[in-house]
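Take a look at the structure below.
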Amino acid sequence: GENVEQHPSTLSVQEGDSAVIKCTYSDSASNYFPWYKQELGKGPQLIIDIRSNVGEKKDQRIAVTLNKTAKHFSLHITETQPEDSAVYFCAALGSGGSYIPTFGRGTSLIVHP
Amino acid sequence: ETGVTQTPRHLVMGMTNKKSLKCEQHLGHNAMYWYKQSAKKPLELMFVYNFKEQTENNSVPSRFSPECPNSSHLFLHLHTLQPEDSALYLCASSQDRGAEAFFGQGTRLTVV
């Protein structure tokens with residue numbers, strides 16, 4: 001089955017800096033890669049996703065890149081703000097592989113004011 | 001709000017109790033999921049329902065019993081739980097299997 005590795009487990013940055021979280025996956029048939037943000041006491045919320053037919057997607061301060069050859073994808077947050085502090089999860093799934101998302105272990109992002 | 005509502009938000013139960021968790025979505029989604037989230041562990045898929053039919057049971061102990069009476073509602077019936085079952089239980093739904101999932105706020109379960 002699919003295996004998703006996520007790094008780092010904890011990331012501490014100063015407000016205004018950029019943050020990058022990386023994930024690798026094992027199933028080359030996976031073709032959909034969502035990212036979730038989970039704030040304290042809440043469920044995960046989808047913040048951005050990317051499909052295998054594109055290499056990059058951007059939404060304001062958030063961007064995701066995908067390298068299908070190397071089987072890795074990354075979340076980039078620019079100009080971080082204290083409200084970006086949360087746990088971020090990556091996931092991989094696909095109709096060719098498994099339609100059930102496999103999640104990474106999560107990254108706790110702390111943005112210091 | 002994601003459109004997926006879970007009740008109760010918090011639940012404390014003894015090991016001999018029977019309780020149920022409820023999940024409701026009015027997004028018109030066809031697939032619904034139960035996940036378990038424990039500290040320091042990845043999200044664990046428990047059950048998947050697609051068009052009210054259970055399609056996945058991820059080796060979950062029988063003390064957890066899901067029920068999906070219609071495409072909008074999903075229940076998780078609990079009985080004779082163990083303290084290690086204490087966790088955040090998350091419900092999610094998606095338009096179809098493989099589409100983006102929307103999560104509820106979760107039920108924080110404590111077994112004493």
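The values are calculated or read from the model by the stated rules, or taken from the named source; none is laboratory data. Owing to the predicted nature of the structure, the values given are computational and were not obtained by experimental measurement. Here the Cβ positions follow ideal geometry from the backbone for every residue, glycine too, while neighbour counts run over all protein chains shown. Just so you know, the surface numbers come from the protein's heavy atoms only, side chains and all, with ligands and any DNA or RNA stripped out. Shrake-Rupley method; radii C 1.70, N 1.55, O 1.52, S 1.80 Å.
Side notes on the structure shown:
- Note on chain B: semi-axes of the ellipsoid equivalent to its C-alpha gyration tensor, largest first and rounded to whole Å, are 22, 14, 13.
- Per-residue mean of foreign Cβ neighbours for B:41-48 is 4 (Cβ atoms of other chains, 10 Å radius).
- Percent accessible area from carbon and sulfur atoms, chain A, protein chains only, probe 1.4 Å: 47
- Listed peptides B:79-88, A:72-81 by packing density, highest first (mean Cβ within 10 Å): A:72-81, B:79-88
- Choice from B:62, B:72, B:94 with maximal GNM fluctuation in chain B (Cα, 10 Å cutoff): B:62
- Taking only the Cα atoms of chain A, the radius of gyration and Dmax are 13.5, 44 Å.
- Positive end of the dipole of chain B (Cβ unit charges, origin at the Cα centre): among B:25, B:112, B:2, the Cα lying farthest that way belongs to B:112.
- Each Lys and Arg adds +1 at its Cβ and each Asp and Glu adds -1 at its Cβ; summed about the Cα centre, region B:7-96 shows a dipole of about 340 debye.
- Solvent-accessible area per residue, Å², over the protein assembly as shown with all protein chains present [probe radius 1.4 Å]: 48
- Sequence-separation-based contact order of chain B, relative, with Cα cut under 8 Å and 6+ spacing, percent: 38
- The share of accessible area on chain B that comes from carbon and sulfur is 49 percent, using a 1.4 angstrom probe.
- Over region B:54-112, relative contact order from alpha-carbon pairs under 8 Å, at least 6 apart, %: 27
- Relative to the Cα centre, the charge distribution of region A:33-113, modelled as +1 at Lys and Arg Cβ and -1 at Asp and Glu Cβ, gives a dipole magnitude of about 320 debye.
- Modelled spin labels at residue A:71 and residue B:65, positioned 7 Å past Cα toward Cβ, are 4.1 nm from each other.
- Top positive-direction residue, dipole computed over chain A with Cβ charges, set A:1, A:13, A:35: A:1
- Of the peptides A:15-25, A:59-69, the ranking by mean beta-carbon count within 10 Å, highest at the top, reads A:15-25, A:59-69.
- Within the protein assembly as shown, B:68 have no other Cys Cβ under 4.7 Å of their Cβ and so lack a disulfide-compatible partner by this rule.
- Two-site FRET efficiency, residue A:108 against residue A:46, from Cβ-Cβ distance with R₀ of 22 Å, rounded to 0.05: 0.75
- Residue B:58-residue A:61 pseudo-label distance in nm [points 7 Å out on the Cα-to-Cβ vector]: 3.1
- Most fluctuating residue given options B:18, B:36, B:52, as computed from a GNM of chain B linking Cα atoms under 10 Å: B:18
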